[in-house]
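Notes follow once the structure below has been shown.
The values are calculated or read from the model by the stated rules, or taken from the named source; none is laboratory data. Small disclaimer: the values here were computed from a predicted structure and weren't measured. Ideal geometry is used to build each Cβ from the backbone, glycine not excepted, and the neighbour counts take in all protein chains shown. Surface accessibility is based on the protein's heavy atoms, side chains included, excluding ligands, DNA and RNA. Shrake-Rupley method; radii C 1.70, N 1.55, O 1.52, S 1.80 Å.
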Amino acid sequence: MHSFSSMFNKKQQDSSDTRRIPHGSPTASSSQTNGIIRPAYVIERYAAYYPMNHKRRGMALLFSHNKYNVRNVPLPVREGSAVDCKRLKETLDLFGFDVKVYQDFKLEEIKGVVETVSALDHKDNDCILIAVLTHGEEGDYVYAHDVSYELSTIWSHFTADNCPSLAGRPKIFLVQACRGSKLDNGVKVQKDGVARYSIPTHADFLFAYATIPGFMAFRNTTEGSWFINELCKEMQENGHKYDLVTLLTFVTQKVAYDHESVSNLPEFNMRKQTPCVVSMLTRLLLFNQV
């Protein structure tokens, strides 16, 4: 359920947790009339890429949690989380995002931020990115400072009907959190399989989770989490070369093949992790140079 840093004891501990780009036709603002969404930016229906040439890249909201005060749930301090937050902020700054960090916010504070941001006019922004770095459990529940909540509490505010100025634009969600208490033993030879997920039907969302449903996500107590570390590396090295889904495929490769937990407890030793990407993007998302 949670990533317990006390279970791991080593020098650096692991803890569980070719079509042209169209320019489009901007309009004054977004609106919704009689249930019809009128987005601020209209592009060719079958354009291959999202337009990434607005005045601003967009906002990036980082909800980072280190310490908790949840009634009847003794959550451990997330050692290494500060490293994740710092590295992610620096990476997103390089890509031109307007990064805001919210540290150890309570649920009502998180809701306040999300409601305020979703009510803004994003017509001059390419996209929006929201990252949640925290403890989590099964069912897409994650923890605020004071209580657990469903991730839909955040993303539902940014659907096209709730946030028309972001209609047709990428909405990226990064989730570094456990999604259960199962551990992946790994195998020497792995066959392909098909996994089924219950996902939102709304377009232009992308969810990148540190792990698959039901499993733990690991975090190095001094170097930060495997997922955020590899994501930042990949974005800095190839972020302007490949589209985001391709980048995340390489991130999944690095996490799955290059990382393995180390623990004095046999049940937590030599365990693996596989990130999970759920995409409802309708075009390729390639970050241009800023």
**OP:** For segment 52-97, name all the residues that are open to solvent by 10 Å² or more (accessible area, probe 1.4 Å), of a type in the set (Gly, Ala, Ser) and under 16 Å from ILE130 (Cα atoms).
**Re:** GLY96
Subject >> Residues that are of a type in the set (A, V, I, L, M) and more than 24 Å from ASP93 (Cβ to Cβ), drawn from segment 208-256 >> reply: ILE212, MET216, ALA217, ALA256
Original post:
Which of the residues that make up segment 235-290 are polar (S, T, N, Q), open to solvent by 70 Å² or more (accessible area, probe 1.4 Å) and part of a helix (DSSP H, G or I)?
Top reply: GLN236, THR249, GLN253
**OP:** Check CYS232 against each of (1) open to solvent by less than 10 Å² (accessible area, probe 1.4 Å); (2) over 16 Å from the mean Cα position of the chain (by Cα) and name the one condition it does not meet.
**Re:** (2)
Subject >> Identity of the residue in segment 77-98, small (Gly, Ala, Ser) and part of a helix (DSSP H, G or I), that ends up farthest from the chain's Cα centre (by Cα) >> reply: ALA82
Original post:
Looking at (1) surrounded by fewer than 15 Cβ atoms within 10 Å (Cβ to Cβ); (2) at pLDDT 85 or above, which is the one condition that is false for ALA195?
Top reply: (2)
Subject >> Residues of segment 150-172 satisfying the condition of being in a strand (DSSP E or B) and open to solvent by less than 10 Å² (accessible area, probe 1.4 Å) >> reply: LYS171, ILE172
Subject >> Residue tally, condition touching an Asp or Glu at 6+ places or on another chain (Cβ under 6 Å) and assigned to a loop (DSSP other than H, G, I, E, B), over segment 45-65 >> reply: 4
Original post:
What tally of residues in segment 131-145 results from selecting those that are open to solvent by 50 Å² or more (accessible area, probe 1.4 Å) and farther than 14 Å from PHE215 by Cβ?
Top reply: 1
